[in-house]
1. Just checking, which of Leu352, Leu373, Leu357 is surrounded by fewer than 16 Cβ atoms within 10 Å (Cβ to Cβ), part of a helix (DSSP H, G or I) and either at pLDDT 90 or above or not acidic (Asp, Glu) (or both)?
2. For Lys59, are the conditions met, namely being open to solvent by 10 Å² or more (accessible area, probe 1.4 Å) and in a loop (DSSP other than H, G, I, E, B)?
3. Hey, which of the strands (runs of 3 or more DSSP E) in the stretch 78-146, taking only ones fully inside, have at least 2 residues that are under 15 Å from Asn340 (Cα atoms), open to solvent by 10 Å² or more (accessible area, probe 1.4 Å) and in contact (Cβ under 8 Å) with a residue 40 or more places away in the chain?
4. Report every pair of residues separated by at least 6 positions or lying on different chains whose Cβ atoms are under 9 Å apart, first residue within the stretch 401-420 and more than 14 Å from Glu101 (Cα to Cα), second aliphatic (A, V, I, L, M).
5. Which one is most open to solvent (accessible area, probe 1.4 Å) among residues in the stretch 216-244 that are more than 15 Å from Cys180 (Cα to Cα) and hydroxyl-bearing (Ser, Thr, Tyr)?
6. Of all residues being touching a residue at least 40 places away in the same chain (Cβ under 8 Å), open to solvent by 20 Å² or more (accessible area, probe 1.4 Å) and not basic (Lys, Arg) in the stretch 245-263, which is farthest from Gln128 (Cα to Cα)? Just the residue, please.
7. For Ala220, work out the one condition from (1) assigned to a strand (DSSP E or B); (2) among the small types (Gly, Ala, Ser); (3) modelled with pLDDT under 95 it doesn't fulfil.
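The values are calculated or read from the model by the stated rules, or taken from the named source; none is laboratory data. As the structure is a prediction and not an experimental result, all values here were calculated from the model. FYI the Cβ positions are ideal-geometry reconstructions off the backbone, even for glycines, and counts take in every protein chain you see. Heavy atoms of the whole protein, side chains included, go into the accessibility calculation; ligands, DNA and RNA do not. Shrake-Rupley method; radii C 1.70, N 1.55, O 1.52, S 1.80 Å.
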Amino acid sequence: MAAPMEVAVCTDSAAPLWSCVVWELHSGANLLTYRGGQAGPRGLALLNGEYLLAAQLGKNYISAWELQRKDQLQQKIMCPGPVTCLTTSPNGLYVLAGISESIYLWEVSTGNLLVILSRHYQDISCLQFTGDSSHFLSGGKDCLVLVWSLCSVLQADPSRIPAPRHVWSHHTLPITDLHCGFGGPLARAATASLDQTVKLWEISSGELLLSVLFDVGIMAVTTDLAEHHMFCGGSNGSIFQVDLCTWPGQRERSFQPEQDTGKVFKGHRNQVTCLSVSTDGSVLLSGSHDETVRLWDVQSKQCIRTVALKGPVTNATILLAPLSMLSSDFRPSLPLPHFNKHLLGAEHGDELRRGGLTLRLGLHQQGSEPSYLERMEQLQAVMCNTMEKNVLGGQDQLRVRVTELEDEVCNLRKINRDLFDFSTRIITRPAK
């Protein structure tokens, strides 16, 4: 039986002829190209081995292609705003997108928007699922990395705001990338930041295992499958290799390029934007703002292939080619549904689609009398509504006041975001 074929999937921000290109990793042969838009950074995802999704740069929709029907854009998934990052669950059941400071979670089978998570204070820059789809991680410009349990998010009481399992706040500047290893909830995760550090965490406990300080901002991070090496792409174009198995016992340490000369890949002329490692750990793929994708031999640190693109590289990843990519007669098992822009519910004006089936758990509890605590909460809600009417002079004035406060909150958020971006540019400006 032939070994699975590894392919490189790449996108750039110019995309004059195609949106995405797929080429065979070792021979460099061009296999497929997909047309229709420009994919943004951290905005490329494979869905269930049947569809390719790309979040469009600066636009409020996600493009979807069947893997074989590459010349025909299958669907545009409309979103409430520009998508800053995108990922899919390995089991193919969910799609995650970062839009401003919120996380949107869709169910693939129905297209329903299940939940909107708003726990970040600035735009979300990266999203990643664990290998078993039980957890996902989000990193943002607010310097925070949040670990979410998918089960807790889906089963949360609608009246309560879902809370992340862990909040990692050790970084001091925006998060640029994150990578999740194998092991499901027992996996380790690496986070990179403009604060010139890469940190390694244990997802189950939330404990910080390792922090490595570099002399440049780190824009991309990944590990090999065995987690022997961690690769960190710098803003100066260098790629640094950290050996995890031979690393001394201390939790914090600085990477010294002059002492670790054999651990640096040099060749890119601008910042490294994305990294990926082959299945056997022998080959490293990197993309850069210098408009090239490079293939490196990990052992010798030599560049073995350079592919020139037409613009800054936004995504470059190594995949095991699914059957649907190599077979011309393959068709998806199910068509993509229409993805909803709003949460389902009467308050959004959505109606359940005909032909849908709703399963309700706990039917034996339906029709039971409310408890004393529930009655007390209902009474308190009625009293609060009465007091609001007396103080504010009725529902009309209340609506006007709420609208004014919402506008004020939006203005304050914009001012806060502008101040944060200005401070970040000043802090990260290279010294003259």
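1. Every option except Leu373 fails the conditions.
2. Considered against the rule, which asks whether it is open to solvent by 10 Å² or more (accessible area, probe 1.4 Å) and in a loop (DSSP other than H, G, I, E, B), Lys59 comes out as yes.
3. 113-117
4. Close Cβ pairs (under 9 Å, with a partner that is aliphatic (A, V, I, L, M)) amount to Arg401/Leu392.
5. Applying the filter and picking the extreme gives Ser235.
6. Ranking the candidates gives Pro257 first.
7. Unmet for Ala220, out of (1) assigned to a strand (DSSP E or B); (2) among the small types (Gly, Ala, Ser); (3) modelled with pLDDT under 95: (3).
Rundown of residues vs (1) within 21 Å of Leu105 (Cα to Cα); (2) modelled with pLDDT of 95 or more; (3) surrounded by 20 or more Cβ atoms within 10 Å (Cβ to Cβ), yes/no style:
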| residue | (1), (2), (3) |
| --- | --- |
| Asp157 | yes, no, no |
| Trp168 | no, yes, yes |
| His179 | yes, yes, yes |
| Pro185 | yes, no, no |
| Ala192 | no, yes, yes |
| Thr197 | no, yes, yes |
| Leu200 | no, yes, yes |
| Leu209 | no, no, no |
